[in-house]
Amino acid sequence: MAGKKQALFSAAILAGMCVLPLELGIYPQHVLIVSLFYAMMASSWNLLAGFTGQVSFGHAAMAGIGAYTSGILAVKAGLNPWVGVCIGTAFAALLGFGLGALCLKMGGIYLSLTTLAFSQILHIIIVNEYNVTRGTMGLQVPGLMEEYSKISYYYIMLAAAVLILAILYWMIHSNLGLNFRAVQNDEVAAKSVGVKVLRVRVLAFTVTSAMAGFAGGLYGHYLLLITPEIPSLDLQFKVLAMTVIGGMGSFFGPIIGAFALNILEEYIRIYGEYHVLVFGMVALVVARFVPNGLIGLWRKFRPMKSREAVK
Amino acid sequence: MAKIPTDEVAGGREIDKEESVALLEGHKVSKSFGGVQALSQVDFAVEKGTIVGLIGPNGAGKTTLFNAVAGALKPTSGRVVFDEADITGFPANAVCRMGMARTFQVTRPFAAMTCLENVMVAAINRYPEKSKSFIEGLAREKLALVGLVDLQAFEARQLNVVQKKRLEMARALATGPKLLMLDEVLGGLNTQEIYQAVAFIRRLRDELGLTVLWIEHVMGAIMPAAERLIVLDQGQVLMVGTPNEVVRDARVIQAYLGE
């Protein structure tokens, strides 16, 4: 019953997401496109951090890998952006596999530091390899379509997000998801009941890196200008905040967090750099009072409602 | 009356070996941590269908031997043979798939997962090709076996110590083991619960045909339950024998009580 309700709810939201932008202007459409990008980023990071317990700081870097790979191939080799996005995704998966294998024996803070270092090294390379990446100036890349159309980009991003979320949903609810959570809860015990812990960890790294690369590639071709902002720690921490505020370790939490924070950001943009302060405060309040995020808050009050209904 | 039982037992073991009924064997298993020799040249055998107790004073190396056998630790030297295959240094997940399941001295449930999910993790890795309904059914069956089926929807962290031990037992059973390795499952139980647990473990052997290797400090429980006891002291096998032989042995008494 709960599953049916959830499916119906999701279908309704999706239908709304299909129709809604037709009524909106260019600017809200842009906000929604960016939100969809963040929803993909936060949800895939959540699989890694919330389900296997590997708190990686290299997720934005993987998005950057996807964006720059596709962008450079399009600019230097004249490759079709769609093919470029696929190659970028594959390259991000490859690097994710390598990074995951490197971090195999690491847990907790050591894994975080290693991925942080990876992220910083990549950032430095991109900023300094001016001839290839155009450094902080940004790399101008062609769009996904001949003619620029906001609404088309919106539907492309929506389709991409649905694809990514469907894969994530399937993974979380399959045997793999149980293995992921077992590894997160207790690696030694997981091993003792037959879970191939190393394989599970590397798989999570590879798959989520591919997803970040895919999202980053599409995002770059939407912006038409790829800057080191994509593989930056700013973006990484935004993804982290969205996941934590939305509800880490739940499927819907990061999606809600991505939309909530990205839309909130538009409202507080006028305060300039102070909007980071607001982000930090929101994260602080959530961590203190609702550690399970917005989704946890909702779950907490839902049973009370149903109890009242029974009365 | 002062006969030394070890010779008899050693003779008996040789016959066993010829019939090759040993499910688990250790040959000169050693493990050292830096300069500390936790296990030195431990020889032992667990015959199919028996309950074998592993006893010894604190720090004797019982849990280290468990870890070295079950893949949590790599032995420094020596050989471990399980079900006629050399498994020395195999990782825990591989050993588990071959049919060796264990519980932990300090319980290690998947705290943020429900009891049902805890057991399902074990089942899906044993039967990866089976349907979800089969896995859930199997997990429920194992939970019912240990009397936890009513708590299946509760998260493991909500359980008390005794329930956590039962959950680990259900999880171990869901891996479809031939050999069940229990690490002090009776700790923290009262007399009545100990009596039930011992009866339960005997039933597992009698009805499911499991072989049991069992570390236990509660002597009153392990003595009547086990056919044979392996006594470890300071990382070495002090003696092997029936419970009656072991309690009468002067060396065992000395190891436990001192001079």
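Across A:112, A:209, A:192, mean-square fluctuation computed from a Gaussian network of chain A (C-alpha pairs under 10 Å connected) peaks at A:192. Dipole of the protein assembly as shown computed with +1 at Lys/Arg Cβ and -1 at Asp/Glu Cβ about the Cα centre; of A:247, A:92, B:105, farthest Cα towards the positive end is A:247. Per-residue mean of foreign Cβ neighbours for B:126-136 is 1 (Cβ atoms of other chains, 10 Å radius). Coupling constants for region B:70-76 follow from the phi torsions by the Karplus curve (6.51 cos²θ - 1.76 cosθ + 1.60, θ = phi - 60°), and in residue order they are 8, x, 6, 10, 8, x, 5 Hz; glycine and proline get x. Backbone phi angles across region B:166-183, fed through the Karplus curve with coefficients 6.51, -1.76 and 1.60 (θ = phi - 60°), yield HN-Hα couplings of 5, 4, 4, 5, 4, 5, 5, 5, 6, 7, x, x, 9, 10, 10, 10, 10, 10 Hz in residue order; Gly and Pro are listed as x. Ranking of A:271, A:153 by neighbouring Cβ atoms within 10 Å, starting from the fewest: A:271, A:153. What separates the Cα centres of region A:64-143 and region B:192-259 is a distance of 59 Å. The stretch between residue B:76 and residue B:106 holds 8.4 nm of extra length on full extension. This uses 0.36 nm per residue minus the Cα-Cα distance.
The 3J(HN,Hα) values that the Karplus relation (6.51, -1.76, 1.60; θ = phi - 60°) gives for region B:115-128 are, in residue order, 4, 4, 5, 3, 6, 5, 4, 5, 5, 5, 7, 7, 10, x Hz. Gly and Pro appear as x. A Förster distance of 45 Å, applied to the separation of the beta-carbon atoms of residue B:154 and residue A:131, puts the FRET efficiency at 0.15. Here the label points at residue A:163 and residue A:260, each 7 Å from Cα along the C-beta direction, are separated by 2.9 nm in the simple model. When the square roots of the Cα gyration tensor eigenvalues are ordered a ≥ b ≥ c, the ratio a/c for region A:2-230 is 1.5 or more and a/b does not exceed b/c, which makes its shape oblate.
Placing dummy labels 7 Å off each Cα toward the beta-carbon, the span from residue A:19 to residue B:217 is 6.7 nm. Close amide-amide hydrogen proximity is noted between residue B:22 and B:48, each under 5 Å apart and 5 or more residues distant or on a separate chain (H modeled in the peptide plane; Pro and chain starts excluded).
With a cut-off of 15 Å between beta carbons, the residues surrounding residue B:98 carry a summed charge of +3, where Lys and Arg count +1 and Asp and Glu -1. Take every DSSP beta bridge whose two residues both sit in chain B; close to 55 percent of them are antiparallel.
Amide H contacts under 5 Å for residue B:38: B:31, B:32, B:33, restricted to partners 5 or more places along the chain or on a different chain, H placed in the peptide plane at 1.01 Å from N.
Values in this text are rule-based calculations from the coordinates and carry no lab data. No experiment lies behind these values; they were computed from the predicted model shown. No Cβ is skipped: glycine too gets one built from the backbone with ideal geometry, and neighbour counts run over all protein chains shown.
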